[in-house]
1. Calculate the all-directions average of the projected area of the chain's alpha-carbon convex hull, and give it in nm².
2. Once the Cβ-Cβ distance between T417 and M362 is put in as r, and R0 is 30 Å, what FRET efficiency do you end up with, to the nearest 0.05?
3. So what's the gap between the Cα centers of the stretch 370-446 and the stretch 67-90, to the nearest angstrom?
4. Convert each backbone phi in the stretch 183-200 into a coupling constant with the Karplus relation 6.51 cos²θ - 1.76 cosθ + 1.60 (shift: θ = phi - 60°), then list the ³J(HN,Hα) values in order as whole Hz, x for Gly and Pro.
5. So what are the ³J(HN,Hα) numbers for the stretch 337-342, from phi and the Karplus equation (6.51, -1.76, 1.60; θ = phi - 60°), rounded to whole Hz, Gly and Pro as x?
6. Please return the longest range in the chain lying between exposed loop sites, taking GluC sites (Glu not before Pro), DSSP loop only, at most 12 other beta-carbon atoms within 10 Å, and leaving the sites out.
7. When averaged across all projection directions, what area in nm² does the alpha-carbon convex hull of the stretch 595-726 cover?
8. Non-local amide H neighbours of K280 (under 5 Å, H modeled in plane, Pro and chain starts lacking H): which ones?
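No value in this document is a laboratory result; all are computed from the given coordinates. What you see is a predicted model; the values in this text were computed from it and never measured. Note: ideal-geometry Cβ built from the backbone for every residue, glycine included; neighbour counts use all protein chains shown.
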Amino acid sequence: MATLRFKAVHETLNRDEIAVVSKGRHSELFGADVFNQATMKQYLTKDSYKSVLDAIIKGDKISRSMADQIAASMKDWAMSKGVTHYTHWFQPLTGSTAEKHDAFFEISNDGESIESFGGDQLVQQEPDASSFPSGGIRNTFEARGYTAWDPTSPAFIYGTTLCIPTVFVSYTGEALDNKTPLLRALNAVDEAATAIAKIFDKNVSKVHATLGWEQEYFLIDKALAASRPDIVQAGRTLLGHSPAKGQQLDDHYFGSIPNRVMRFMRDLEQQCILLGIPVKTRHNEVAPNQFELAPIFEEANLAVDHNSLLMDIMEKIADRHHFKVLLHEKPFAGINGSGKHNNWSLATDTGVNLLSPGKTPMSSLQFLTFFINTIKAVNDNEELLRASIASASNDHRLGANEAPPAIMSVFIGEQLTKVLEDLENVSKGKLSPEEKTDLKLNVVGKIPEILLDNTDRNRTSPFAFTGNKFEFRAVGSKANCANPMTVLNTIVAKQLRAFKVEVDGLVNKKKLKKDEAVFNVIREYIKASRTILFEGDGYSDAWQREATRRGLSNNKTTPEALAILKDQKSIALFEEMDVMNKTELHARYEIGIEEYTMRVQIEGRVLGDIARNHVIPTAIRYQNTLIENVRGLKEIYESDFRKVAREQMDIIEQISEHIANINKGVTDMTNERKKANKLKTPEMRAKAYCNAVKPYFDEIRYNCDKLELLVDDELWPLTKYRELLFMR
Ligand code: ADP
Ligand code: MG
């Protein structure tokens with residue numbers, strides 16, 4: 001009997017209910033474990049509070065003596081809540097978060113034991129960073145790296161540890177993490193967007209990017225997950241036959257949330273609220289055991305930190321409820337995978353959403369300006385955007401007719417398409433008073449009404465305008481949002497900068513009025529962005545052909561998608577915007593490509609192991625039972641035995657055939673792996689893993705899954721899809 005599988009099923013069915021104790025209203029608990037502005041006001045001196053605010057708002061440096069004061073207050077606050085340790089909390093290029101805890105506890109010079117936390121420890125640390133991926137940065141420069149406090153993301157308490165969000169950089173200043181380039185990109189977009197927003201409102205002095213992510217995930221019982229070596233090692237199932245019932249009845253989406261899952265969600269939400277993550281929405285997703293959680297949007301840097309933190313918390317809370325969270329983009333074949341829509345916009349410090357048309361024609365023109373510049377930015381940099389979401393796991397999802405295709409395009413809806421068509425016909429140069437009035441009344445002025453009933457949403461588009469924000473839907477569920485947010489904000493910043501130069505040129509040299517200049521530049525941008533605009537079905541074959549004709553990229557795999565990072569134009573762009581230098585960008589390319597290789601390599605090994613050590617022995621055991629049976633029938637029926645043993649003999653043969661195919665597949669795959677490992681460059685290895693190793697996965701899986709259907713259920717060692725997806 002398949003012991004582990006049945007034990008896991010038994011455990012799953014006999015779980016005790018884990019009680020969730022409500023600590024109070026969310027509005028009262030919100031941010032209770034965060035050293036936020038309200039808490040700072042209470043704990044800090046006036047001067048030190050001001051110095052933190054100046055650091056947050058203006059990017060000012062915090063002096064040593066101030067840092068000491070802030071650290072001491074932080075420690076007092078944390079200790080009042082039972083905290084014993086502190087850590088710099090950062091996001092190395094592994095994509096997850098890193099922490100190394102130190103106790104406040106110390107022995108002073110005169111031998112006394114005390115609790116201490118100084119400005120030095122708050123502001124800068126030097127973790128032993130040699131084991132984090134650096135893409136060669138530390139080899140060429142300095143071996144050491146250090147973490148430095150990011151005051152724009154408040155410190156928080158997790159468990160009994162005070163966590164201080166930090167950047168992670170090499171001694172020569174190269175970014176070794178995901179946060180540093182993001183902060184630089186947000187800075188770039190702030191500068192560029194503020195300059196444009198000032199055209200419309202002089203009072204604007206800062207623009208920040210906003211991000212609202214929507215996290216999809218699967219939740220399965222811990223014991224069931226642990227019984228599958230592929231889930232344990234690769235985060236997804238590498239084989240498993242589809243169950244009779246999958247998602248075809250559409251009965252899970254927005255369905256009633258199962259009790260056990262609801263308890264997990266409530267627990268998770270309470271923890272999020274305490275940590276200042278403004279979670280708001282929860283629901284069942286399309287696939288069985290798939291769910292979604294979304295917060296109220298926030299400033300992008302904070303939202304990115306919150307999503308990274310969330311993914312960590314989810315695992316811990318899930319564990320308490322005997323669940324395992326699967327954040328992988330494609331844990332199960334044949335049903336939907338998971339994504340993480342990144343809703344993005346720009347907001348001014350005067351409280352205006354720049355992607356939301358206002359009440360006056362002028363504010364609608366401001367909306368159009370940012371709207372069209374964003375489209376142009378995506379048009380000119382679609383390949384970079386594709387690269388920003390590339391990973392071995394997301395490759396399974398993009399283009400699988402459930403998620404956007406690997407082709408980047410922008411959906412804006414019928415009505416805004418019509419507006420752009422009207423704007424394309426604006427006269428060149430100065431506008432007649434009649435034309436101006438007509439534009440303001442009948443085109444631009446109508447936008448707010450239009451958007452009110454902008455209901456046609458195209459779920460197949462990777463980058464869609466949804467009323468007051470763009471929704472980047474191709475981001476993977478497992479991804480750190482920093483990467484796509486860095487690229488998006490950088491390309492928009494670059495575009496807005498170019499726009500400003502053009503508008504200023506028309507105003508200064510051609511003596512156009514500002515609004516005329518804006519109309520003139522917008523007109524040209526619309527013409528130049530036609531390639532990227534697509535309103536049709538992104539899943540269709542016709543779109544694949546049409547996109548090729550338009551010259552859009554269609555990079556289906558990570559090695560293809562990442563290549564753009566080496567392009568001279570990409571390097572120039574990131575350098576010009578002060579987001580990444582050549583070394584930093586190249587490091588990200590190398591890390592991306594090597595991670596890809598390793599992921600596929602691990603999957604190949606796990607699949608080979610399961611196929612040879614679990615599936616084949618089980619199949620042989622069952623085949624032996626059949627042989628035994630046939631032998632017995634022959635004894636009884638003698639020469640007539642074939643009539644009664646036909647089915648058994650047929651299965652015996654089928655089993656042999658599948659075993660032979662699996663054996664050949666695993667052997668050939670292993671040989672290809674060996675060949676790939678010997679290749680000289682990381683790039684060649686990644687391509688070989690992609691094109692020569694990975695194709696064997698399907699062949700091996702096909703034969704294993706066929707055996708699953710043939711072999712006695714009692715013997716089958718791998719927990720089946722129907723158990724993974726429907727038991728809780
Ligand atoms: P859905 O896309 O699932 O239909 P909604 O349109 O209600 O859901 O919103 C999805 C997400 O968009 C939410 O997480 C919300 O916080 C976020 N969002 C709304 N407005 C903005 C904005 N201006 N900037 C960034 N995110 C936003
Ligand atoms: Mg959604």
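1. 38.1
2. On the way: r = 23 Å, r/R0 = 0.76.
Between T417 and M362 the formula returns 0.85.
3. Going from one Cα centre to the other spans 46 Å.
4. Going residue by residue, I get 4, 5, 5, 5, 5, 5, 6, 4, 4, 5, 6, 4, 4, 6, 4, 5, 4, 9 Hz, with x marking Gly and Pro.
5. Result, ordered by residue: x, 10, x, 9, 4, 9 Hz.
6. Longest stretch, sites excluded: 113-713.
7. Values: hull surface 38.2 nm².
Convex hull of Cα atoms, orientation-averaged projection: 9.5 nm².
8. For K280, the qualifying residues are A294, I296.
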